[in-house]
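Here is the structure we will look at.
The values are calculated or read from the model by the stated rules, or taken from the named source; none is laboratory data. All of these numbers come straight from a predicted model, not from anything done at the bench. As a convention, Cβ positions derive from the backbone with ideal geometry for all residues, glycine included, and neighbour counts pool all protein chains shown. What goes into the accessible areas is simple: the full protein's heavy atoms, side chains included, and nothing from ligands, DNA or RNA. Shrake-Rupley method; radii C 1.70, N 1.55, O 1.52, S 1.80 Å.
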Amino acid sequence: MDLALTPAQAAARDTARRLAQELLAPHARTFDAEHTFPTAHLQALARAGLFGVNIRPEHGGLGAGAVAYALAVRELAAACAATTVAMMVTNMVAEAIQTFGDDDQRARFLPRITSGEWPAAGFSLSEPGAGSDASSLTTRAVRDGDAYVLDGTKAWVTSGGHAGLYLVMARTNPAEKSRGISAFLVPGDAPGLTATKPEEKMGLRASATTQLVLEGCRVPAANRLGPEGIGFRIAMTSLDGGRVGVSAQACGIATAAHEAAVAYARAHPAEGDAATRAGEIDAWVRAGFGLCLRAASLKDAGRPFTRPAAMAKLYCTEMAGRACQHALRSLGLAGQDAAARVEQYARDARITRIYEGTSEVQRIVIARELLRGVSA
Ligand SMILES: Cc1cc2nc3c(=O)[nH]c(=O)nc-3n(C[C@H](O)[C@H](O)[C@H](O)COP(=O)(O)OP(=O)(O)OC[C@H]3O[C@@H](n4cnc5c(N)ncnc54)[C@H](O)[C@@H]3O)c2cc1C
């Protein structure tokens, strides 16, 4: 599908492509091997507007929309999926503030995110005992005068320990389940907040993933995002948009695997299977990115896109896993060489099936929306 892109969409894609090739790709393998958080690279993405692709220009963003965002994410992820996930979560938090924040919150936080003053923002929903069933989270936020006091342990926080701001979901009303959850903007240096040592992960090793321990962490009431009780809605709305990003990220990883498979097939013309496998990956990636762009277009049009985003996330992330295995099969022993990076793509692709809702969760979301008769 050749899209007629708007100038803003083409500019976001081209900027991302240039930074991906010039900045991210040359370091991606070493950063993975050494678990290096890419602070300077993220700040370069921010300076190019890529921390606020869908944030209005008055707050320092590009205001370019979800299609532009998907195009940019795919370019970046083909070079370094770990840097890209930090950028994606930052965009997700910025959008939540733009959508659910008041004027004061937008003015206080968005310019500091979009400018790259903070190398990332973090989104903190999951807990050690609350992953897929996030509405069972137990972190408490108790009102105390003009502040809330947060206590609990959050888990698997992307950019933990590096983010300048976390969007933390905590329970304000234990008598309610999802409606008892509220959202808080917690500065990274807030007293009482500690990020633990990063997890040792299979993939995305340059992206720090930590627990956040909250012990008597006082947050001004002015940092509550939206009214009490809508934190879970904020999280689910954010994840709808986030899934468009994860599907684009998976397409980026699959594109990189495809390029490796094509290069191998060209260099080994006698191995016919390598060529047909490369062709098959091409078809998968195009089908996947079509689903991703459909969800992004619906989001840009202000139409419901929960089911399209879940479909894109399910298909693209499973597809990226298949694409990487196909490429590894073609490359044989060469695929085991870290320099070829295909083994890294396979490790990174595996994680896209887990965060922002596992494949099983996407199936549940798709089925629920389908049976409710939600169109699109
Ligand atoms: C690298 C990485 C980064 C992450 N970043 C963030 C972040 O920034 N912020 C954040 O809040 N979270 C983050 N997460 C957490 C992520 O969202 C959770 O890991 C995910 O939601 C799954 O939760 P869980 O790991 O507790 O698995 P569980 O919920 O325990 O699930 C275990 C298995 O059971 C399956 N399962 C669960 N429920 C059902 C069901 N009802 N029906 C069928 N199957 C089911 C799951 O699909 C999975 O296969 C991150 C995770 C990773 C790996």
Practice item. Compute, for THR138, the solvent-accessible surface of its heavy atoms (probe 1.4 Å) with the complete set of protein chains present, and express it in square angstrom to the nearest 10. Key: 100 Å²
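Pairs of alpha-carbon atoms within less than 8 angstrom and 6+ residues apart define the contacts here; what relative contact order does the range 232-371 have, in percent? List each step's numbers first, then the result.
On the way: 191 pairs, mean separation 44.6, N = 140.
Contact order relative to length: 32 percent.
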Revision key, fill the gap. Under a Gaussian network model of the chain whose springs join Cα atoms within less than 10 Å, the largest fluctuation of ASP146, ASP189, ASP240 belongs to ASP146
Exercise for review: Over all alpha-carbon pairs of the chain, lay out the pair-distance distribution in 10 Å bins, whole %, shortest bin first.
Suggested key: 6, 25, 34, 24, 9, 2, 0, 0
Practice item. Could you point to the residue in PRO269, GLY60, ALA283 farthest towards the positive end of the chain's charge dipole, with +1 and -1 charges on the Cβ of Lys/Arg and Asp/Glu respectively? Key: ALA283
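Output the DSSP H helices from the chain with an along-axis C-alpha extent of no less than 30 Å and a mean Kyte-Doolittle hydropathy no less than -0.5. Intermediate values should be presented prior to the final figure.
On the way: long enough: 231-267 (53 Å, 0.51); 272-300 (42 Å, 0.09); 306-331 (37 Å, -0.08).
Answer set is 231-267, 272-300, 306-331.
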Check your understanding: Averaged per residue, what accessible area in Å² does the range 232-371 show with a 1.4 Å probe, protein chains only?
Key -> 40 Å²
Revision key, fill the gap. ARG47 and GLU117 label points (each 7 Å along its Cα→Cβ direction) are spaced in nm at 1.7 nm
Study note, to complete from the structure: accessible surface per residue for the range 122-229, probe 1.4 Å, DNA/RNA/ligands not counted, whole Å² -> 40 Å²
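So, with +1 on the Cβ of K and R and -1 on the Cβ of D and E, and no other charges, what is the size of the charge dipole of the range 240-364 about its Cα centre, to the nearest 20 debye? Spell out each step's value before the answer.
On the way: 16 positive and 13 negative charges, 83 e Å.
Using Cβ point charges on Lys, Arg, Asp and Glu, the range 240-364 gives about 400 debye.
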Review point. Within a Cβ distance under 13 Å of SER126, other residues only, what is the Lys/Arg minus Asp/Glu net charge?
Key: -3
Practice item. Measure off, as a whole percent, the carbon and sulfur share of the 1.4 Å-probe accessible area of the chain, all protein chains present. Key: 53 percent
Point to revise | Assigned charges on the beta-carbon of Lys, Arg, Asp, Glu; the chain dipole about Cα centre (debye) | key: 580 debye
Point to revise | Accessible-area value, PHE31, 1.4 Å probe, nucleic acids and ligands omitted, Å² | key: 40 Å²
Check your understanding: Which stretch or stretches of the range 235-257 have amide N atoms under 14 Å from the point lying 7 Å from ALA10's Cα along the Cα→Cβ direction?
Key -> none
Study note, to complete from the structure: Sorted largest first, the Cα spans of the range 7-120 on the principal axes come out in Å as 42, 30, 17
Exercise for review: Tell me what the chain gives for mean residue ellipticity at 222 nm when only DSSP H runs of n ≥ 4 count, each as -39,500 (n - 2.57), the sum divided by the residue total, rounded to 500 deg cm²/dmol.
Suggested key: -17500 deg cm²/dmol
Revision key, fill the gap. Counting only residues 5 or more apart in sequence or on a different chain, those whose built amide H sits under 5 Å from that of GLY160 are THR210
Check your understanding: Gaussian network model of the chain, Cα springs within a sub-10 Å range: biggest mean-square fluctuation belongs to which of MET319, MET87, MET202?
Key -> MET202
Check your understanding: Could you give the length gained on full extension between ALA175 and ILE364, defined as 0.36 nm per residue of separation minus the Cα-Cα distance, in nm?
Key -> 65.4 nm
Study note, to complete from the structure: Among GLY290, GLY116, GLY231, the residue with the largest mean-square fluctuation in a Gaussian network model of the chain built from Cα contacts under 10 Å is GLY290
Exercise for review: Work out the FRET efficiency for ARG303 and ALA221 from their Cβ-Cβ distance, taking R0 = 45 Å, and round it to the nearest 0.05.
Suggested key: 0.85
Review point. Which of the lysines could a cross-linker span from LYS154 if the Cα-Cα distance has to be under 26 Å and same-chain partners fewer than 8 positions apart are dropped?
Key: LYS177, LYS197, LYS201, LYS313
Check your understanding: Which Cα, out of GLY188, PRO220, GLY203, lies furthest along the positive dipole direction of the range 122-229 (beta carbon charges, K/R +1, D/E -1)?
Key -> GLY203
